[in-house]
1. Springs between alpha-carbon atoms under 10 Å, Gaussian network over the chain: tell me which of VAL317, VAL180, VAL141 tops the mean-square fluctuations.
2. Given a 1.4 Å probe and every protein chain left where it sits, what share in percent of the accessible area of the chain is carbon and sulfur?
3. Work out, step by step, the length gained on full extension between ALA131 and ASN224: first 0.36 nm times the residue separation, then minus their alpha carbon distance; give nm to one decimal.
4. Compute the signed sum of charges (Lys and Arg +1, Asp and Glu -1) over the other residues within less than 10 Å, Cβ to Cβ, of ALA214.
5. Compute the Cα gyration tensor for the range 1-60, then decide on rounded, prolate or oblate, letting a ≥ b ≥ c be the square roots of its eigenvalues: rounded whenever a/c is under 1.5, prolate when a/b is larger than b/c in the other cases, and oblate in all that remain.
6. Just to confirm my numbers, what's the Cα centroid distance between the range 312-328 and the range 188-240 in Å?
7. Once you've got the GNM for the chain with C-alpha springs shorter than 10 Å, pick whichever of ALA265, ALA68, ALA277 has the biggest mean-square fluctuation.
8. Given contacts defined as C-alpha pairs under 8 Å and at least six residues apart, what's the relative contact order of the chain, whole-number percent?
Amino acid sequence: MQVIEAFPPTENVANLQLNADGDLRHLLTLQGLDKSILIDLLDDAQRFVTEPGEPTARSKSLEGRTVANLFFEPSTRTRASFDLAGKRLGADVLNLDVNQSSRKKGESILDTVYTLQAMHVDIMVVRDASAGVPSYIARHVDDHVSILNAGEAEVSHPTQGLLDLLTIRQRKGRFENLTVAIVGDIMHSRVARSAAQGLTTLGVGELRLISPPALAPDPDEMPNARLLDNLDEGLRDADVVMALRIQRERIGSLDGIPGIDEYYANYGISAERMKSAASDAIVMHPGPMNRGIEIESALADSRASAITRQVANGVAVRMAVLERVCKSMDRR
Ligand code: CP
């Protein structure tokens, strides 16, 4: 049994995540986060980046702190990287097995949160299929607790946005002259939303969102982006191409949505389709990938691909975010 809970939308989520001194207390969204905070987080994350085979970056900055991972939706990358990030900073890390938790017996999410708070959990990393959950929890926890959004419905995935920004900065160096093309199920993608918010704040040259008409976002939602339904037009001279998975778990009816073969033919990113992009364009994908549907398998493994770099950067970004909210905790 699981109780039906309502999570009223929070106004000013962006403000909720800052403390009175303007420090990052929670990370709930990239929307409205100052450019200086984004840049600081990217710079901090870069310090934690190591090359394959090198010893991993470590610190004791979270020693004595406890991080709990509460993933009420499946995850491989985000959950594993928050786990590793917390451990590499010296924290105690609790990975709650939500399928065996008392939420299954009818306990509300807030009672679960209060229970962990009573055990001196300092940082809760939350993924949930319902919009509003991270900000709802953030409004209810004690002053010494921080909430990190690890994926909220189709709304927001801020640490994914940060790792995408870091990957683009590493490979391209700057944002102002770049054309970034995000391709696929934009309507249901929290990854696209967070990437678009971060790229807009950092002054990206041009942002194109390419999707079948049935998976296009509301044009008013992202006024700075160009919405297209033609892949070749969308990829023309693009410097960065990000392919997205179709979020079947968030789609009620498949009416109007192309079948797999039609989708790959019209929206699948392949080496052939990439010929219209810039010659040094990079290919990204947040994962999990459906090879042969939204991306050609060989392209995903090619030199143009930044996909494994994105995964590596995920640990570094999450270390930076954990450290940052912990610093604001020390000043509370
Ligand atoms: N990109 C991403 O959020 O992947 P996971 O669902 O595996 O965490």
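1. VAL141
2. 48 percent
3. 31.1 nm
4. -3
5. Since a/c reaches 1.5 but b/c is at least a/b, the shape of the range 1-60 is classed as oblate.
6. Answer, in whole Å: 27.
7. Checking each option, the largest mean-square fluctuation is seen for ALA265.
8. 21 percent
The values are calculated or read from the model by the stated rules, or taken from the named source; none is laboratory data. Everything quoted here is computed from the prediction, not taken from an experiment. Positions of Cβ are generated from backbone atoms using ideal geometry, with glycine treated the same way; all protein chains shown enter the neighbour counts. What goes into the accessible areas is simple: the full protein's heavy atoms, side chains included, and nothing from ligands, DNA or RNA. Shrake-Rupley method; radii C 1.70, N 1.55, O 1.52, S 1.80 Å.
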